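Colleague: Below you'll find the structure I mean.
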Amino acid sequence: MTRMNSRLALSYKTFRQLGFRQVSLFAWYQVKLRSGLLRLQTRARETALDQDLQLAVGFLPVPDQAKLRAVLGDDEAALIQEADEILAGQVRLFGGEPRPMKLVLDEPLDHWTRYKSGQYQGEDIKFTWEVGRFGWATALARAYVLSGDEKYTRTFWENTETFLAANPPNRGPHWASAQEVALRLVCLSFAYAVLINSPETTPERTKLLVNSLAAHAARIPPTLVYARAQNNNHLLTEAVGLYTAGTVLPDHPQAEKWRALGWRWLNEALQTQITSVGAYVQNSANYHRLMLQAALWAGVVAAGRGDAFPTETQTKLAAATRWLLALLDEDNGHVPNLGPNDGAYILPLTTQAFSDYRPVLQAAAQTFLGGRPFPPGAWDEMTLWLNFQSPARATTLKETNTPIRISGTQSWAYLRAAEFQARPGHADQLHLDLWWRGLNIACDAGTYLYNGNPPWDNTLAGTGVHNTLTVNGQDQMTRAGRFLWLDWAQAEVMDTGYAESGQLSWVVAQHDGYRKLGVLHRRMVTCEGDQWLVRDQILAEADEVTDAFKVRLRWLLPDWLWELEHNVLRLKTQHGPMTVEVTAKGATNLCFQLVRAGELLAGEGQVDPVQGWYSPTYAQKQPALSLAVSGEGPLPLTLTSQFVFPE
């Protein structure tokens, strides 16, 4: 009875905090799924329908060989190497190392409704889905333009024929998510537009693709209610998929309906999922990039039809471009590993590393802001493919309403202080990301896996692995599911200060994530030159709070040579030695603990196996140093961290 009451209380809280609209949409999706209605609406077939339709031509401007070579420069070899790996049956998932490309699954396939999201055959289902997104097809198409070698087109068609035969419409896990279907539709459309004039693109193969794209498009509308309930990149990408299908299949009886439905929800998503200051609803740097790339692709397709984004959409995309530009480290093109990072790169039209955000930002800035923030380089390839003339572009690359970025001489920091308008992905208020001369000194652990076996089932979303402070061992918010946080912690900026250069040099912010304990967490970050001071305070919300509290401050640092002496951690970087010194006021029983890859290096106490890891992209993790400083006492409690870099 107690467990039932607990579930009812959680359900009520979820309904109250997420709102009637989102909960009711999700409930309707569950009714359709469990009643068998979706099974009827998306009947499984052995092959796609045999329809005699034409594919549109010319909707994607394809650069010629000379332009592509001029942009790539010395990176030509990198593109050819990736394409040759695909010829050898290898594919790079999530920007990682090559691994076998599995197009045919090992077991007979059932209707897609029989497959639950999460795992497939004991493995995170994203490994299966990523191959089925067909991002690898873009590498083959680009290599064909660069080299003119028909082997790349031949491999694309052979792989496509194999995949479509082994994964017929609405059968198997590749059809279980309409988002995966939509992303595959986009990549297939891109590849066809590039390879249309190849002799390998025969009428028979074109007909196969026409029918497959129609089946892909038909799969999306029946579950669009789920995407609307999520109101995140699912809705955005599925809308893009529908709009693309309606454009590339102009003779299909449903083409106009698909275009109208896709255009409506695409603009709805962009206008509601991007805040007025440009932040993206999923509070994730990688999903922010995905959103910009989806918008760029949709804009190119729309321009081919003579359509243009409404002014409100243009304004939001301009703000979103500025927001992500403000998080860029100019030395290497990287950004903080903010929020969920599932390794998505839906149109990887670049030879640059997964961690380099310049390709997308160069294209987005050129399109939505009317200027290029970076000098010419190999990161211009995406601009070559996805640039279109935006009729309502902004006139400046910079604006003041950006993320909280504090600047030093050769260093900078991002302070996470969000006012959530939609459910957050990570409990990471007042997390601090610190960068110095291209090095991510204090970093965000990332994600690693959503659907792994414990403890790797999206565990890195919790407060305890972020560069912030926990009270009494609790998260800032209530975890109600693998991807669901309730009782959102809201942050506010209390005060700011600026240097003579006009750059932000100090900020004070606080959040209310520990209000159920009657306390607030306030953080002040100050920079002078390249010396950083971070002061964390736990303060009572009311005078009657007299209890003692346990606090723990954590810093995630690179896996460098180290020396811990009392309260000072010395690290050896490629630019010279640096120190992290932590002092406390009002706290007793002070304890320092250094952990690497889940193993205790110094100090004492139990170690959480997820501590001391850094995940640069999905399914990858590498050792890092996790410095934890804990103590206890009555309020107020203060922990002060000083980062000192060599001059």
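The values are calculated or read from the model by the stated rules, or taken from the named source; none is laboratory data. Please read these numbers as outputs of a predicted model, since none were measured by experiment. All Cβ positions, even for glycine, are placed from backbone atoms using ideal geometry, and neighbour counts span all protein chains on display.
Colleague: Yes or no: the range 333-355 includes at least one residue that is within 16 Å of G96 (Cβ to Cβ), polar (S, T, N, Q) and either modelled with pLDDT under 95 or touching a His at 6+ places or on another chain (Cβ under 9 Å) (or both).
Modeller: Looking for residues that are within 16 Å of G96 (Cβ to Cβ), polar (S, T, N, Q) and either modelled with pLDDT under 95 or touching a His at 6+ places or on another chain (Cβ under 9 Å) (or both), one finds at least one in the range 333-355, hence yes.
Colleague: Right, next: Looking at A176 and the list (1) of a type in the set (A, V, I, L, M, F, W, C); (2) more than 22 Å from the chain's Cα centre (by Cα); (3) more than 28 Å from L79 (Cα to Cα), which single condition is not satisfied?
Modeller: Of the numbered conditions (1) of a type in the set (A, V, I, L, M, F, W, C); (2) more than 22 Å from the chain's Cα centre (by Cα); (3) more than 28 Å from L79 (Cα to Cα), the odd one out for A176 is (2).
Colleague: If you scan the range 329-341, which residues turn out to be farther than 17 Å from A442 by Cβ, touching a Phe, Trp or Tyr at 6+ places or on another chain (Cβ under 8 Å) and surrounded by fewer than 22 Cβ atoms within 10 Å (Cβ to Cβ)?
Modeller: G333
Colleague: Okay, next question. Looking at the range 42-88, which of its residues are buried (at least 18 other Cβ atoms within 10 Å of the Cβ) and of a type in the set (S, T, Y)?
Modeller: Of everything in the range 42-88, just one residue is buried (at least 18 other Cβ atoms within 10 Å of the Cβ) and of a type in the set (S, T, Y), namely T42.
Colleague: Show the residue pairs that are 6+ apart or on different chains and have beta-carbon atoms under 8 Å apart, the first residue being within the range 582-609 and in contact (Cβ under 8 Å) with a residue 24 or more places away in the chain and among the hydrophobic types (A, V, I, L, M, F, W, C), the second being assigned to a loop (DSSP other than H, G, I, E, B) and surrounded by 17 or more Cβ atoms within 10 Å (Cβ to Cβ).
Modeller: Correct list of pairs: V595/V607; V595/Q611; V595/G612; A597/G612; A597/A624.
Colleague: What do you reckon, is Q606 in contact with a strand residue (DSSP E or B) (Cβ under 9 Å, 6 or more places away or on another chain) and surrounded by fewer than 18 Cβ atoms within 10 Å (Cβ to Cβ)? Step through it out loud before you land on a result.
Modeller: Details: in contact with a strand residue (DSSP E or B) (Cβ under 9 Å, 6 or more places away or on another chain): yes; surrounded by fewer than 18 Cβ atoms within 10 Å (Cβ to Cβ): yes.
Spelling it out, Q606 is indeed in contact with a strand residue (DSSP E or B) (Cβ under 9 Å, 6 or more places away or on another chain) and surrounded by fewer than 18 Cβ atoms within 10 Å (Cβ to Cβ).
Colleague: Say whether the condition of being farther than 30 Å from V210 by Cβ, in a helix (DSSP H, G or I) and of a type outside the set (G, A, S) is met by at least one residue in the range 50-71.
Modeller: Going residue by residue through the range 50-71, those that are farther than 30 Å from V210 by Cβ are 66, 69-71.
From what's left, in a helix (DSSP H, G or I): 66, 69-71.
Subset that is of a type outside the set (G, A, S): 69, 71.
Checked the range 50-71: at least one residue is farther than 30 Å from V210 by Cβ, in a helix (DSSP H, G or I) and of a type outside the set (G, A, S).
Colleague: Report, by residue number, each residue of the range 117-131 that is closer than 24 Å to V186 by Cβ and not acidic (D, E). I'd like the intermediate steps shown before the answer.
Modeller: Kept after step one, since they are closer than 24 Å to V186 by Cβ, are these residues of the range 117-131: 117, 120, 124-131.
Residues satisfying the conditions are S117, Y120, I125, K126, F127, T128, W129, V131.
Colleague: Could I ask something else about it? Which condition number in (1) at pLDDT 95 or above; (2) closer than 30 Å to Q622 by Cβ; (3) in contact with a strand residue (DSSP E or B) (Cβ under 7 Å, 6 or more places away or on another chain); (4) acidic (D, E) is the one that D475 fails?
Modeller: With respect to (1) at pLDDT 95 or above; (2) closer than 30 Å to Q622 by Cβ; (3) in contact with a strand residue (DSSP E or B) (Cβ under 7 Å, 6 or more places away or on another chain); (4) acidic (D, E), D475 is out only on (3).
Matching residues to (1) out of contact with any Leu (no Cβ under 8 Å at 6 or more places or on another chain); (2) in contact (Cβ under 8 Å) with a residue 24 or more places away in the chain; (3) within 15 Å of C187 (Cβ to Cβ):
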residue	(1), (2), (3)
D75	yes, yes, no
Q81	yes, no, no
A88	yes, no, no
K102	yes, yes, no
Y115	yes, yes, no
R133	no, yes, yes
W136	yes, yes, yes
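Colleague: Which of the strands (runs of 3 or more DSSP E) contained wholly in the range 559-607 include at least 2 residues that are at pLDDT 95 or above and farther than 24 Å from Q531 by Cβ?
Modeller: Details: elements: 561-565, 568-573, 576-585, 588-596, 599-602.
Answer list for the range 559-607: 588-596, 599-602.
Colleague: Looking at (1) out of contact with any Asp or Glu (no Cβ under 8 Å at 6 or more places or on another chain); (2) surrounded by fewer than 19 Cβ atoms within 10 Å (Cβ to Cβ); (3) on the phi > 0 side of the Ramachandran plot; (4) not aliphatic (A, V, I, L, M), which is the one condition that is false for F134?
Modeller: Here F134 meets the rest and fails (2).
Colleague: Restricting attention to the range 279-314, and to residues there that are out of contact with any helix residue (DSSP H, G or I) (no Cβ under 9 Å at 6 or more places or on another chain) and not hydrophobic (A, V, I, L, M, F, W, C), which single residue is surrounded by the fewest Cβ atoms within 10 Å (Cβ to Cβ)?
Modeller: G306
Colleague: Another question, if that's okay. Scanning the range 491-537 for residues that are more than 17 Å from T640 (Cα to Cα) and basic (K, R), which turns out surrounded by the most Cβ atoms within 10 Å (Cβ to Cβ)?
Modeller: R515
Colleague: Right, something else. Wholly within the range 275-383, which helices (runs of 4 or more DSSP H) include no fewer than the required count, namely at least 3 residues that are within 21 Å of E76 (Cα to Cα)? Spell out how you get there, then give the answer.
Modeller: Working: elements: 285-305, 311-325, 358-364.
Once the helices (runs of 4 or more DSSP H) in the range 275-383 are filtered for at least 3 residues that are within 21 Å of E76 (Cα to Cα), what remains is 358-364.
Colleague: Residues to consider are D536, D487; find the one that is in contact with a strand residue (DSSP E or B) (Cβ under 7 Å, 6 or more places away or on another chain) and within 26 Å of L594 (Cα to Cα).
Modeller: Details: D487 fails: within 26 Å of L594 (Cα to Cα).
Residue meeting the stated conditions: D536.
Colleague: With the requirement that a residue be surrounded by fewer than 21 Cβ atoms within 10 Å (Cβ to Cβ), in a helix (DSSP H, G or I) and not charged (D, E, K, R), what does the range 235-260 give you? Reasoning before the result, please.
Modeller: Of the range 235-260, the ones surrounded by fewer than 21 Cβ atoms within 10 Å (Cβ to Cβ) are 250-257, 260.
Within this subset, residues satisfying the condition of being in a helix (DSSP H, G or I) are 255-257, 260.
Those that are surrounded by fewer than 21 Cβ atoms within 10 Å (Cβ to Cβ), in a helix (DSSP H, G or I) and not charged (D, E, K, R): A255, A260.
Colleague: Tell me, which residue of the range 538-557 that is among the β-branched types (V, I, T) and surrounded by fewer than 18 Cβ atoms within 10 Å (Cβ to Cβ) is farthest from the chain's Cα centre (by Cα)?
Modeller: So the first thing to find is which residues in the range 538-557 are among the β-branched types (V, I, T), and the list is 538, 545-546, 551.
This time we only want the ones that are surrounded by fewer than 18 Cβ atoms within 10 Å (Cβ to Cβ), so: 545-546.
On the way: V545: 40, T546: 42 Å.
The residue in question is T546.
Colleague: Looking at (1) under 24 Å from G246 (Cα atoms); (2) in contact with a Pro (Cβ under 9 Å, 6 or more places away or on another chain); (3) not β-branched (V, I, T), which is the one condition that is false for E150?
Modeller: All conditions pass for E150, except number (1).
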